[in-house]
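Data block below; observations after.
The values are calculated or read from the model by the stated rules, or taken from the named source; none is laboratory data. All of these numbers come straight from a predicted model, not from anything done at the bench. Cβ placement follows ideal geometry from the backbone for every residue including glycine, while neighbour counts extend to all protein chains displayed.
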Amino acid sequence: ASSIEISGVSQVYVNRKGTFAALQHIDLRIEPGEFVSIIGPSGCGKTTLLSLISGLLTPTSGSVSIMGELIKRPTPRVGYMLQHDYLFPWRTIKENVCLGLELLGRKDEASQAYVTELLAEMGLAEFADAFPHQLSGGMRQRVALVRTLATEPDILLLDEPFSALDYQTKLQLEDLIVTTLKARGKTAVLVTHDISEAIAMSDRIIVLQPNPGRVLADVTVPEPIRQA
Ligand code: ADP
Ligand code: ADP
């Protein structure tokens, strides 16, 4: 498991209208294995913060590190799960899930066995050779989760992964994600608009406020409330 250190981070976007501070003076330390939710209104910098942790974006000032190692570019140590599943319709479930491994040139048997194990754990074993259109939305998000985990990232970033799902499916997937990530000691950062989702899933909730994006509150979720 890995920690995430965000020190004195500001992110200023420059466009034709001038400059805009999306995040200002953010200091956060996320512990190894911690599940953290980031909540706040649209435009408070949630996605910007995830982009910084993933290395897709370099902060205007300050630094972002994983286990003390400065993040300068995207790394396989960080997996990203998004609102949409982005599965390739012409590839089977197994082929979609193995894409990350292929890109990393990992063809070893251990990786293949791990994928098979993950598919079984997500209830997808019998769909390995099916195509995405044959699966429901919830199943496709489980496929996306397997694909993200296949390359064994230490850290998972989840950007509103439930927004396209119905309520029951969403609750099931919330449980499955927490159980799967906790069992493997992954550090997770979830972005959501939904406070009940944040309470149900996280150890800790960070509330951002917009203009400029700053930390308004940083609270630990008491165990009894999470399990209520
Ligand atoms: P959130 O995910 O909380 O909605 P974002 O991180 O997407 O917030 O955006 C934070 C603010 O930065 C918003 O006001 C948004 O319009 C602005 N912003 C995001 N990306 C860019 C960009 N590439 N150029 C200029 N402004 C941006
Ligand atoms: P209430 O009558 O308390 O408003 P709800 O219909 O909102 O109940 O929720 C029913 C049950 O589902 C409650 O036990 C609640 O804790 C749980 N719940 C609600 N939202 C979520 C969520 N996003 N994730 C997990 N559990 C939830």
- [ ] Considering every residue within segment 189-205, establish whether at least one is out of contact with any helix residue (DSSP H, G or I) (no Cβ under 9 Å at 6 or more places or on another chain), free of Cβ contacts under 8 Å to residues at least 60 places away in the same chain and more than 16 Å from ligand 1 (Cβ to nearest atom).
- [x] yes
Task: Qualifying positions in segment 178-215 - within 14 Å of the chain's Cα centre (by Cα), away from ligand 2 (no atom under 11 Å from the Cβ) and assigned to a helix (DSSP H, G or I) - done: 180, 181, 182
Open item on the list: Looking only at segment 176-191, how many residues end up being closer than 20 Å to residue 39 by Cα and either surrounded by fewer than 17 Cβ atoms within 10 Å (Cβ to Cβ) or of a type in the set (Val, Ile, Thr) (or both)?
Closed with: 5
- [ ] Would you point out the residue of segment 146-175, among those that are at pLDDT below 95, closer than 16 Å to residue 201 by Cβ and hydrophobic (A, V, I, L, M, F, W, C), that is surrounded by the fewest Cβ atoms within 10 Å (Cβ to Cβ)?
- [x] 171
- [ ] Please give the helices (runs of 4 or more DSSP H) falling wholly within segment 1-110 in which 1 or more residues are surrounded by fewer than 16 Cβ atoms within 10 Å (Cβ to Cβ).
- [x] 93-97, 99-103
Task: Residue list for segment 72-97, filter: β-branched (Val, Ile, Thr), at pLDDT 95 or above and over 17 Å from residue 115 (Cα atoms) - done: 78
